[in-house]
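Asker: Below are the structure tokens for one structure; questions will follow.
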Amino acid sequence: MKRTRLWFLLGLFFACAASLMAGEIVTPDDSRIVYSGAAYPQLGEEGVELLRFAPDLLDDATPLTHGFNSQKARTTAGVSIRFATNGPVVELVFEDSGTLFSVFRNGVFKNLYRTHEDGRLKILSDELGGIVEYEIVFPLWSNPVFRRLELPEGGSLYSLEQHEGPVVATLGDSITHGRGQTFGNQTWGWVASQAVNAEYYNLSIGGSNANRYQAESLKAIERLDLCAILWGYNDWVNRGKSVDQYASDMHEAIDVVREIHPEAKIVLMSLLNTKTTSSKRTSDRYSAEDFRAAIREIVKSRNDAGDNAVYFVDSQTMTNLDDLRDAVHLSVEGAKKLGDAMGAEFARILNEG
């Protein structure tokens with residue numbers, strides 16, 4: 001039985017491949033293709049580059065002047081392509097070969113797919129004749145350019161229903177960008193957002209420290225219901241900021257979020273548990289607990305000033321050292337654990353007021 005099904009699928013694959021020449025070529029600007037998590041998609045002659053940050057910011061930014069590395073920012077964390085088709089096989093064409101994508105079918109993980117030497121990614125449908133909604137989740141640390149989608153003869157592309165849930169964004173460093181994971185759907189922010197059926201924007205950048213510039217990218221998002229912020233490790237360990245400087249930079253980022261989205265709920269998370277015990281720059285002058293205390297004080301000061309839509313979440317209690325893959329970054333399992341816990345917090349906060 002298994003062998004019969006295998007030969008059937010192989011025959012179907014080659015038959016569909018032969019019919020692609022007579023099928024439909026769908027360009028990246030087609031409205032039936034939905035790009036999620038890319039606040040600044042850039043359409044060019046070679047295809048669409050799904051950017052999370054504005055091109056001029058990426059051109060100008062340096063770690064010293066902006067608090068992050070533009071090359072790490074020019075990656076597709078939290079980005080996906082969504083579309084619905086009845087085609088027995090679908091081909092997506094990218095600029096690069098050898099890129100691995102995580103593919104979901106009707107909301108359920110299907111498999112990992114790698115682009116071939118010609119940049120093609122081929123997916124066979126499990127539901128012949130039926131309409132299937134696909135989500136192609138991009139890798140976290142690269143920047144694949146999407147060129148087109150190809151359907152076989154008789155295959156059609158269908159418009160997706162507009163998302164009606166909340167909109168969530170995260171700001172932070174590599175912990176939230178996804179160091180320790182491979183695909184956007186493995187990060188804690190994605191997991192937490194899925195728990196509340198949210199459209200998700202991951203505006204975190206590996207190696208960054210608290211800054212206003214990442215927050216300014218929220219201008220491209222029309223509506224924002226919740227913004228979660230997790231910065232502090234790099235501020236303490238790698239930049240050697242004083243607690244006062246860290247608090248000032250955090251306030252500045254919060255001010256930007258509040259100016260762009262006055263009604264959004266802002267969630268400040270405490271530093272997670274880490275094996276690191278001292279700063280590379282300030283040695284033992286400050287501790288992780290000093291930076292955790294600063295977050296609590298920031299929330300208190302904002303609340304006392306009348307902004308009761310700023311919340312503190314003690315995320316340190318949500319993971320332990322066994323959930324790390326190194327001194328600070330979460331494993332895939334650790335990210336899932338934090339995402340589940342934060343999803344419950346997102347639900348609670350979104351339901352308030």
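The values are calculated or read from the model by the stated rules, or taken from the named source; none is laboratory data. Worth saying up front: this structure is predicted, and the values here are computed from it rather than measured. No Cβ is skipped: glycine too gets one built from the backbone with ideal geometry, and neighbour counts run over all protein chains shown.
Asker: Given the criterion in contact with a Ser or Thr (Cβ under 7 Å, 6 or more places away or on another chain) and not hydrophobic (A, V, I, L, M, F, W, C), identify the matching residue among Thr65, Thr85. Lay out the reasoning, then the answer.
Answerer: Details: Thr65 fails: in contact with a Ser or Thr (Cβ under 7 Å, 6 or more places away or on another chain).
Just a single option satisfies the conditions, and that option is Thr85.
Asker: Additional query: Please determine, by comparing only the residues of region 324-353 that are among the acidic types (Asp, Glu) and under 20 Å from the mean Cα position of the chain (by Cα), which one is farthest from Ala169 (Cα to Cα).
Answerer: Glu333
Asker: Now a separate question. State whether one or more residues within region 133-145 are in a strand (DSSP E or B) and touching a Pro at 6+ places or on another chain (Cβ under 7 Å).
Answerer: No.
Asker: Since Asn308 meets every condition but one in (1) in a loop (DSSP other than H, G, I, E, B); (2) crowded, with 19+ Cβ neighbours inside 10 Å, which condition does it not meet?
Answerer: (2)
Asker: Here's a follow-up. Here are some conditions: (1) in a loop (DSSP other than H, G, I, E, B); (2) surrounded by 15 or more Cβ atoms within 10 Å (Cβ to Cβ). Arg281 meets all but one. Which one does it not meet?
Answerer: Among (1) in a loop (DSSP other than H, G, I, E, B); (2) surrounded by 15 or more Cβ atoms within 10 Å (Cβ to Cβ), the lone unmet condition for Arg281 is (2).
Asker: Can I ask one more? Among residues belonging to region 67-87 that are of a type outside the set (Phe, Trp, Tyr), assigned to a loop (DSSP other than H, G, I, E, B) and buried (at least 22 other Cβ atoms within 10 Å of the Cβ), point out the one that is farthest from the chain's Cα centre (by Cα).
Answerer: My answer is Gly87.
Asker: Yes or no: Arg348 buried (at least 19 other Cβ atoms within 10 Å of the Cβ) and among the charged types (D, E, K, R)?
Answerer: When the stated conditions are applied, Arg348 does not pass them.
Asker: If you don't mind, another one. Name the residues in region 137-185 that are basic (Lys, Arg) and not assigned by TED's automatic domain parsing to the domain that holds Phe94, would you?
Answerer: Passing the criteria: only Arg179.
Asker: If you don't mind, another one. Does Gly154 satisfy the condition of being part of a loop (DSSP other than H, G, I, E, B) and touching a Pro at 6+ places or on another chain (Cβ under 8 Å)? If you could, list the steps in order and put the result at the bottom.
Answerer: Values: part of a loop (DSSP other than H, G, I, E, B): yes; touching a Pro at 6+ places or on another chain (Cβ under 8 Å): no.
No; evaluated as a whole, the condition is false for this residue.
Asker: Only one of Ala22, Ala84 is at pLDDT below 95, among the hydrophobic types (A, V, I, L, M, F, W, C) and in contact with an Asp or Glu (Cβ under 7 Å, 6 or more places away or on another chain); which?
Answerer: Ala22
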